[in-house]
Amino acid sequence: MDSIQPLCLLCDQTSDQVPLIKMQYRGRDYWICPQHLPKLIHNPAELEGILPGAKDLQPSQHEH
Ligand SMILES: [Zn+2]
């Protein structure tokens, strides 16, 4: 059984350094820090390669 150290999927910071938000996607667990959560929300396509299929996610529409 692997004990996986939680790391932000983008910056590799651990929960010792930043709060990490756990999420599930396609049957896998991931962690992301608050700094990178907006990228997942607004630019999910940039995460393709880290999250397979992310390019098909719809960015949240945000009014400026
Ligand atoms: Zn991060």
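The values are calculated or read from the model by the stated rules, or taken from the named source; none is laboratory data. From a predicted model like this one, the values you see are computed outputs, not experimental measurements. We place every Cβ from the backbone using ideal geometry, glycine too, and count neighbours over all the protein chains shown.
Some observations on this one:
- Options Asp16, Asp29, Asp12: the member that is exposed (fewer than 12 other Cβ atoms within 10 Å of the Cβ) and in contact with a Lys or Arg (Cβ under 7 Å, 6 or more places away or on another chain): Asp29
- Remark: pairs (first residue in the stretch 42-59, closer than 15 Å to Ile32 by Cβ; second residue of a type in the set (S, T, N, Q) and loosely packed, with under 13 Cβ neighbours inside 10 Å; Cβ separation under 7 Å; 6+ apart in sequence or on different chains) = His42/Ser60.
- Gln61 vs. criteria assigned to a strand (DSSP E or B), more than 9 Å from the chain's Cα centre (by Cα) and either polar (S, T, N, Q) or modelled with pLDDT under 95 (or both): no
- The set of residues in the stretch 1-41 that are among the basic types (Lys, Arg) and within 11 Å of the chain's Cα centre (by Cα) comprises Lys22, Lys39.
- Counted residues, the stretch 1-39 - those being more than 10 Å from the ligand (Cβ to nearest atom), closer than 22 Å to Gln58 by Cβ and outside any strand (DSSP E or B): 3
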